[in-house]
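Notes to accompany the following structure.
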Amino acid sequence: MKETTKELTRYERARIVGARALQISMGAPTLIESNTTDPIDIALEELHKGIIPITIKRRGLPK
């Protein structure tokens, strides 16, 4: 089985920020107090603080 790191790839990071920004734009409550109203900026700040309630499941490589 392939070992993976706990770091997010740029693709995972983009997917998480995009999904969270969509949730925020559709009316989901934000998890931080922010001066900006841009959902992407809010999602990036939440990701930076590590409080986004989204998990990543990685599959192993096929044999």
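The values are calculated or read from the model by the stated rules, or taken from the named source; none is laboratory data. Computed from a predicted structure; not experimentally measured. Cβ sites come from the backbone with ideal geometry, for glycine too, and all protein chains shown count toward neighbours.
Taken over region 13-29, residues that are part of a helix (DSSP H, G or I), more than 8 Å from the chain's Cα centre (by Cα) and closer than 15 Å to residue 47 by Cβ amount to 4. Here the condition is being surrounded by 10 or more Cβ atoms within 10 Å (Cβ to Cβ), modelled with pLDDT of 95 or more and either of a type in the set (Ser, Thr, Tyr) or in contact with a strand residue (DSSP E or B) (Cβ under 8 Å, 6 or more places away or on another chain) (or both); of 25, 34, it holds for 25 alone.
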